[in-house]
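One structure below.
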Amino acid sequence: MLLIHGFSEDEAKLAATQVISRAVYPASELKTTRWIKENSAVCEFTGYDMEKLTKDKLYQSALHLYKVKDTLEKHLSARTNSVADYPADNTTSPNNEVAGGKRQRQEDSPFD
């Protein structure tokens with residue numbers, strides 16, 4: 001999605017790294033950079049070269065992301081809504097059924 005809005009492949013990887021990192025560890029660019037380098041495998045997931053990561057690159061990425069903010073929000077909203085349409089293994093149907101059979105009710109469960 002970012003590539004069609006003028007991001008290079010490297011910029012898109014950095015942007016994905018930033019968005020994921022901010023969702024998991026919301027902090028300043030400086031703290032986010034430290035967290036990514038010291039405590040995270042997010043760059044392995046996104047493919048961004050961790051050695052090139054700096055707080056200044058995160059600042060630049062944030063400015064670049066802001067330019068496509070509305071489009072990005074719509075895209076992410078549509079993607080998360082489409083994921084929500086698929087039942088998870090631990091959800092029940094209106095007939096109180098779970099994937100693989102009937103749901104077992106636990107008598108002492110405070111959640112039923």
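The values are calculated or read from the model by the stated rules, or taken from the named source; none is laboratory data. What you are looking at is a predicted structure, and each value in this text was computed from that prediction instead of being measured. No Cβ is skipped: glycine too gets one built from the backbone with ideal geometry, and neighbour counts run over all protein chains shown.
Below is a table of values for the structure above.
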| read-out | value |
| --- | --- |
| Some residue of segment 53-63 being surrounded by fewer than 12 Cβ atoms within 10 Å (Cβ to Cβ), at pLDDT below 55 and over 18 Å from the mean Cα position of the chain (by Cα) | no |
| Condition met for residue 10 (modelled with pLDDT of 90 or more and of a type in the set (D, E, K, R)) | yes |
| From the options 78, 15, residue that is at pLDDT 95 or above and out of contact with any strand residue (DSSP E or B) (no Cβ under 9 Å at 6 or more places or on another chain) | 15 |
| Residue in segment 100-111 that is modelled with pLDDT under 55 and surrounded by 10 or more Cβ atoms within 10 Å (Cβ to Cβ) present | yes |
| Residue count, segment 1-35 (criterion: part of a helix (DSSP H, G or I) and under 25 Å from residue 71 (Cβ atoms)) | 21 |
| Lone unmet requirement of (1) modelled with pLDDT of 85 or more; (2) aromatic (Phe, Trp, Tyr); (3) more than 16 Å from the chain's Cα centre (by Cα) for residue 86 | (1) |
| Residues located in segment 1-22, provided they are free of Cβ contacts under 8 Å to residues at least 24 places away in the same chain and touching a helix residue (DSSP H, G or I) at 6+ places or on another chain (Cβ under 6 Å) | 3, 12, 21 |
